[in-house]
Amino acid sequence: MLRWTFNLLLAAFLATTLAAAAVVWYLIPGLPAVDALRDMRLQVPMRVYTSDGVLIGEFGEKRRIPVRLTEVPDLVVKAFLDAEDDRFYEHPGVDWQGIIRATASELRRGDRGQGGSTITQQVARAYFLSPEKTYIRKVREMLLALKIEKELSKDEILALYLNTIFLGQRAYGIGAAAQVYYGKRLSELSLAEVATIAGIPPAPSAYNPVTSPKEALRRRSYVLRRLFEKQHISREQYDVAMAEPIETRVHGLRLEAEAPDVAEMVRQQMVEKYGEEAAMTSGYRVYTTVDSTLQAAATRALRGALMDYDRRHGYRGAERHVDLPADSTVSQCQQVVQGVPALGGLQAAVVTRVDEQKVSACTAMHGTIEIGWRGMSWAAPYIDKDHRGRAPRKAADILKVGDVIRVQLDVTANEEDAKDAKAAKSGAEARRDDEPGWRLVQVPVVQGALVSISASDGAIQAMVGGFDFQQSKFNRVTQALRQPGSNFKPFLYSAALDAGFTPASLINDAPVVFDSPGGANPTWRPENYGGEYNGPTRLREALSASRNLVSIRLLSAVGIDYVADYARRFGFPNERLPRDLALALGSGVATPLEVVRGYSVFANGGYLVDPYLIRRVETSDGVLVMEADPVRVCAECETVASTSSAAVDPMLRPARIAPRVIGAENAWMMNSMMQDVIRVGTGRRALALKRKDLAGKTGTTNEQRDAWFSGFNAKVATTVWVGFDQVQPLGKDETGARAALPMWIDYMAVALEDMEEATMPQPQDLVTVRIDPDTGNLARSSDADAVYETFRTDDIPMQESDDAALGLGVDGPAVQGPEQLF
């Protein structure tokens, strides 16, 4: 009987062994090669940085921040090993003791401690196996773990595990988990936070500290107990960590600067170049041309200008109204606005009390706040674009309890008001008046754009495509096709200079009527803004004062087709330029980026550059993938070519040279004329910058539907635009000088802060002489009213005045123009 039993058991053992051997023999050939793990490419999101290394964006489905094992704090390593696989450095990939212990623990306490799978098995499962739960898959997992241990070192396996383990909330790896749950780097985590993350791997949903804090707390306690039992932490550390509450939330990526339009434009370009999957998972680090300081200045300038416009036109009322119980707590009031996103830094608040000239309100972030009269007295009711209601006299004229409004912390309180307050008060009372207060605001309906580029190579230094990216992802810098209005006039005047006109040429600034056959109106009666006419006017004066009638006559004299074709030199698409006299008033359409590119030609002396945004692309390891090679201005190269002198130093010569599209003389004269726009013309507000190297042009379209300003010095060109997305008038007097120029000034004050004045050298072929301002001819030595003007040497006018020329479009023998204009 005993022999029979023994033989039976032996046969069963042999059969089991043979069956297991057969399974192993069957499975081993099908195991994947482990070599790929050494060169495994982690799916790391793309990150976008400014030129000075400030993070502005991340794109990719999986949140992952790869870390080297040497960068991982020792306590983090111990926490994961003690919780998941404390014999990791001892077993060969499969831990039979661990399997037995895990089974016993679960049967005894119903508590999941260390699982039966080793860290190596988890790596094998994550990389090579399907999630199905079958015995065959488990055997393959074990075999593959044994194979991995033969091919890779323990440290290599641990590093793979710590960087790839799924830890909930789309976080893969410990670096991402630290950021997602606590908004910290690994080195900044507390012991309790380390234990919380180390407890997640067995069940990322069940042990998620955000969605399941109770289960996460229980699991954290287990990890802390294991650390203490293994003598990796002291009793005091254990007690402190155990007492720490579970406090976590999902943290977004900590962006260090606000540039969503820039980041999104980079994403589109990277996807176009490398494809969706490669761009989003290869861990590319994209460094842009944008400067973080200038980008912040651009954002402030744009938002400030749009909010100033909004305040001028009155208060449109609360965003919505809720019924608040009289006994509402602060917490209950906060729930009303919880989750309402701040737009452009403007926080949502609900009014909780209205006094004579102040209100109390509640915000989600700051709790109860108070808005004084100075922060709300502006809010006369909006009627239409040209009219406001009566100025409010008390807070109840503006708001009532339950109104959901927008508020902003006013850190730039009016200095004059502060001085007046100090004059009437003293001591602590006066000091309180100096403290920043809250003010009532509203999210502007009007929109805007700002783009600034380097004149020498087109590098985009700052770009803001709207008030707030959450509100609208439409990038008005690159996507908004708008009429440039008078912002187009410099391109017409440049064409005229090439056609033989001079800055002193006289054009009649007088009313004119055109037939408009087939149109809605039988005639077209263009006007100057303000309805004034000055008669014969020099081109320099006409441009600085933006005289429409002069521009129309000038276009007629030069030729519509000639000017439209000439505008192509500045990068404007020919098909968007109308072939009629309205072209003189900027009736074509262009994006702000196209406009600033055109103005950069005037800034750099006559060369066309290509705006670009990506300076270089690197892998996550810092290996260079791509580096921009833009066309660059090289005036020295041109000089060398024309004089046959020694070559430019090869180290200084750009690989790609920007083409010259207008002559140096033309560029200099246009620069000089546009400096007068700021010195004496429609851009006089820019004198506040107290610089002599600035030039530019305002732009306003019919009925003030678009407001522009484009300006530059020799190094930087910047264009700003203000208007409604659904084209409509901005309102009376909302010209480029009023609505747009302040934005340009605020930005350029920062952009030029540490920049020496950069003026364009005068070409040798230009001569400056005294002229009669009324005729444009050479002045006599006795003319007390004579002014200086610059001409090409071939275009210096005669001394004698030619009264007959006053009615013509041109003057002087050196200028070829039509025989008669209107």
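Cβ-Cβ distance of MET365 and LEU624, R₀ of 30 Å, FRET efficiency by 1/(1 + (r/R0)^6): the value works out to about 0.10. A simple packing score, the average count of other Cβ atoms within 10 Å per residue, orders the peptides 676-688, 702-714 as 702-714, 676-688, with the highest score first. Under the combined filter of DSSP loop state and at most 10 neighbouring Cβ atoms within 10 Å, the range 495-559 retains these GluC sites (Glu not before Pro): GLU532. Length available on full extension from ARG685 to HIS387: 0.36 nm per residue minus the Cα-Cα distance, which gives 104.8 nm. In terms of its C-alpha gyration tensor, the range 678-777 has an oblate overall shape, because the principal axis ratio a/c (a ≥ b ≥ c, square roots of the eigenvalues) is not below 1.5 and a/b does not outweigh b/c.
With the simple model of a label 7 Å out from the Cα in the direction of the Cβ, SER187 to LYS692 spans 5.1 nm.
In this simple spin-label approximation, PHE724 and ASP410 carry label points 7 Å from Cα along the Cα→Cβ vector, and these lie 2.8 nm apart.
Sequence-ordered 3J(HN,Hα) estimates for the range 74-91 from the Karplus curve with 6.51, -1.76 and 1.60 and θ = phi - 60° stand at 4, 5, 5, 4, 4, 4, 5, 5, 5, 7, 10, 6, 6, 9, 4, 7, 10, 7 Hz, glycine and proline given as x.
Amide hydrogen proximity for SER282: with H placed 1.01 Å from N in the peptide plane, the residues at 5 or more positions away or on another chain lying under 5 Å are VAL44. Multiplying the residue separation of ARG68 and SER782 by 0.36 nm and removing their Cα-Cα distance gives an extension gain of 248.8 nm.
Within the range 725-792, the trypsin sites (Lys or Arg not before Pro) that combine a DSSP coil assignment with at most 15 other C-beta atoms in a 10 angstrom radius are LYS732, ARG780. On full extension, the segment bounded by ALA278 and ASP565 gains 99.2 nm, given 0.36 nm per residue less the C-alpha separation. Checking the Cα-Cα distances for LYS394/LYS473; LYS692/LYS732; LYS78/LYS150; LYS489/LYS692 against a 27 Å cut-off, the pairs over it are LYS394/LYS473; LYS692/LYS732. Computing FRET efficiency as 1/(1 + (r/R0)^6) for LYS732 and ARG170, where r is the C-beta to C-beta distance and R0 is 51 Å, gives about 0.50. Per-residue Karplus couplings for the range 365-370, computed as 6.51 cos²θ - 1.76 cosθ + 1.60 with θ equal to phi - 60°, are listed in order as 8, 10, x, 6, 10, 10 Hz, Gly and Pro entered as x. Based on the alpha-carbon gyration tensor of the range 232-274 and its eigenvalue square roots a ≥ b ≥ c, which shape applies: rounded if a/c is under 1.5, prolate if not and a/b is larger than b/c, or oblate? It comes out prolate by the Cα gyration axes. Give the calculated FRET efficiency between VAL322 and ARG225 to the nearest 0.05, with a Förster radius of 45 Å applied to their Cβ-Cβ distance. Rounded to the nearest 0.05, the efficiency is 0.40.
Report note on the peptides 351-359, 247-255: ranked by the mean count of other C-beta atoms within 10 Å, highest first, their order is 351-359, 247-255.
Where a number appears in this text, it was derived from the coordinates with a stated rule and is not lab data. Every value quoted in this text rests on a predicted model; they were computed, and no experiment measured them. Virtual Cβ from ideal backbone geometry, glycine too; neighbours counted across all protein chains shown.
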